[in-house]
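Notes for the one structure printed next.
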Amino acid sequence: MTVRKLCETLSLKNWTPDVDLDVTITGGYAGDMLSWVMGRAEAGSVWMTIMSNQNVAAVALMADVACVVLTEGVEPDELLAAQAETRGMPLLSSPLSTYELSCRLGGLLADQL
C-alpha cells in the first residue's frame, strides 16, 4: 500500500500537497515521545501521533517513516507544515483517535498479506 492509497481509503487530510505520496507503507507506529519514536519506529512505517511541532519532521526523517499522521483532529503548526513540505515528508491528519487509526491501518495492511 502507498501513502496515496492510505489517504484515499481513510480520507486523510494532506498538509503537504506538493510532496510525493507514492511511498510504500510497510507498517505502523503509534507514539508521542519523539526520542522513543526515533529509536523504535521502523523505516516505511506510518507514524501516528498527536505531536504537532516542528521537531516531528526531523524525527520522521531520522526514522525514515513513510509518512506522519496527526490523529485526534490535531493540525500541524505552521513550522511543522513548512518543514515537512521542504523535506518531502508526507504530513497527514485524521479526526480518528490514534487507536482507531491504528486498527484501521492494521486491517488494511493485513488485507495485503
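Observations
- Per-region count, region 46-69, residues under 17 Å from residue 106 (Cα atoms) and either outside any loop (DSSP other than H, G, I, E, B) or free of Cβ contacts under 8 Å to residues at least 40 places away in the same chain (or both): 8
- Matching option when the condition is modelled with pLDDT under 95, within 15 Å of residue 3 (Cα to Cα) and surrounded by fewer than 16 Cβ atoms within 10 Å (Cβ to Cβ), among 112, 54: 112
- Restricting region 72-93 to residues that are among the polar types (S, T, N, Q) and surrounded by fewer than 22 Cβ atoms within 10 Å (Cβ to Cβ), the residue that is farthest from residue 31 (Cα to Cα) is 86.
- Filter result for residue 43 (touching a residue at least 40 places away in the same chain (Cβ under 8 Å), surrounded by fewer than 22 Cβ atoms within 10 Å (Cβ to Cβ) and either touching a helix residue (DSSP H, G or I) at 6+ places or on another chain (Cβ under 8 Å) or within 18 Å of residue 112 (Cβ to Cβ) (or both)): no
- Per the conditions (1) within 18 Å of residue 23 (Cα to Cα); (2) modelled with pLDDT of 95 or more, the sole criterion not satisfied by residue 96 is (1).
- A single member of 107, 73 is outside any loop (DSSP other than H, G, I, E, B), farther than 18 Å from residue 33 by Cβ and of a type outside the set (D, E, K, R), and it is 107.
- Scanning region 4-36 for residues that are closer than 18 Å to residue 105 by Cβ, hydroxyl-bearing (Ser, Thr, Tyr) and either in contact (Cβ under 8 Å) with a residue 60 or more places away in the chain or in a loop (DSSP other than H, G, I, E, B) (or both) yields 9, 11, 26.
The values are calculated or read from the model by the stated rules, or taken from the named source; none is laboratory data. The structure displayed is predicted, hence computed values, not measured ones. Positions of Cβ are backbone-derived with ideal geometry, glycine not excepted, and every protein chain shown enters the neighbour counts.
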